[in-house]
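Here's the structure, in structure tokens; my notes come after.
Every number here is computed from the coordinates shown, using simple stated rules; none is lab data. Fair warning: this is a prediction, and the values are worked out from it, not measured in the lab. Neighbour counts run over all protein chains shown; Cβ positions are idealised from the backbone, glycine included.
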Amino acid sequence: MKSAELFSKLSPRAVNSDIGFKITGDSPTVVWEDVLLALQGIPAGRFSFLMYAYADDDQAHHGFFAELFMDAMQDLAVHRWIIGRKNNGNYYRDVELMCRLAVEEWKGGDYQFGTQVDRANFMGVSRGTWKRRYHLVYGTILTRPTIWEAEIMKIVTDRLT
């Protein structure tokens, strides 16, 4: 089962008249309460990510951003990028802006800033500067929620089976 299919059941308002679905042939029907119960104990920021990306909960925006920013600041690739930029200005602001951009791009899978030019404009830099200085580290930041999603999906499927 795909994570989007499972995580779309995060809230009762996401469920229509067909309240459940089958995971496998003889498995019991999984409803939104089962999914929420299986998500017990995951970090709050990662739960905010799921609510923001899959349940269309705008209130989870800040929790998702905070988790992504803290995770990015602890990532080795981002840390190396920051060390390389220490003499070039406000690098924390740049990481913060890239995290904000990633949060906006994750909203419901609807990528508003999908092109490199749009991303460069969001950061306030030229396209060439974006490609030279920001592109690779932004890719690292943007993929963090994908890693969380895989980890959470494994936990949830283990708990539901």
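Below are the figures for this structure:
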{"read-out": "Inter-label distance, nm, simple model (7 Å from Cα along the C-beta direction), residue 83/residue 154", "value": "2.8 nm"}
{"read-out": "Computed lengthening from residue 147 to residue 90, 0.36 nm per intervening residue step minus Cα-Cα distance", "value": "17.8 nm"}
{"read-out": "Estimated inter-spin distance, residue 37 and residue 74, nm [label 7 Å along Cα→Cβ]", "value": "3.0 nm"}
{"read-out": "Within-15-Å neighbourhood charge of residue 86 [Cβ basis; K, R +1; D, E -1]", "value": "+3"}
